[in-house]
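Notes to accompany the following structure.
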Amino acid sequence: MPPVDFDDNAVLDSSQVDDRRRLGGMGGGGLALGGTGVVGLVIFLAIQLLGGGVDVRNGYDGQLDLGPRAGQTADPALAQSCRTGADADQRQDCRVLAVVNSVQSYWSQTIDGYRKAPTTLFSGQVSTGCGGATAAVGPFYCPADQRVYIDLDFFNELETRFGARGGPFAEAYVVAHEYGHHAQHLQGGDANVRPGETGPQSGSVRLELQADCYAGVWANHAEDSGLITELTPDDIAVGLDAAAAVGDDRIQEAATGRVSPEGWTHGSAEQRQRWFTTGYHSGDPADCNTFSATTL
């Protein structure tokens, strides 16, 4: 798998990632998965995969919480282990931290008054401002506490369950997509989505495709942060492969043997690749206005 090349001497900011993998803890309601069957799990992932779904946004109370949830503290081990770009070249958690730093460096320079959003690494289950969540939800952004949540085991699932090539830039695509949701939230874009709306032209699909486009915009500027020395065409191909693997049509066909566009919430494999490519080639978030696009 092609690596993302990080600057060995770059200093990582561990304050942007809250590591709770060894702490556990789960709140009630909200995102907690109701069914446990394998088919139910896949269908649930088809609805909620890669964050920003309507359930994630329910319950937003406008309150910003940048600290751990009640009764939880961050594990300091990440700060001790992930100090430089050289560490990011060797460890997955350090690599995610480096990508978080890079993505937020870009958005800090792009959005006036940008507020940095922590990423919480968890294992199995976690308490969030949007309720309790299990790893089955996949990576997601919670607007209630303005955090990104990732169980690193998902990246194995991306390969084994969803058939993606995987690798460092597949991980980077996922992280950048979630921070695309944070950028949307800060600019009020998520207010355009009606709860429960689905379908190929729905607000939910438009929101997700815009987050894919924003991920591509970041990729265009990724080397500017000084953390990433080079993105190769093969890196971008890996990101596009990951985007296709989590297309609604791919997931529906694998789960049920058929494709039902009326149930789409994130867009097809082709749409997700195309909007990522749009952002990557343009490098301008203004070209990611999926809400005014006549053709998705």
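Computed from the coordinates by the stated procedures, all read-outs in this text should not be read as laboratory data. Please read all numbers here as calculations on a predicted model, not as lab measurements. Don't worry about glycine lacking a Cβ; one is built from the backbone with ideal geometry, like all the others, and counts go over all protein chains shown.
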With a 10 Å Cβ neighbour count serving as the proxy for reagent exposure, in which order, fewest first, do Ile150, Ile111, Ile236 appear?
Ile111, Ile236, Ile150
If neighbour count is taken as other Cβ atoms inside 10 Å, put Phe291, Phe122, Phe276 in order from fewest to most.
Phe291, Phe122, Phe276
Placed amide H near Thr120: partners under 5 Å, 5+ positions off or other chain
Asp18, Val148, Tyr149, Ile150
Taking neighbour counts of Cβ atoms within 10 Å as a proxy for exposure, in what order, fewest first, do Thr265, Thr198 appear?
Thr198, Thr265
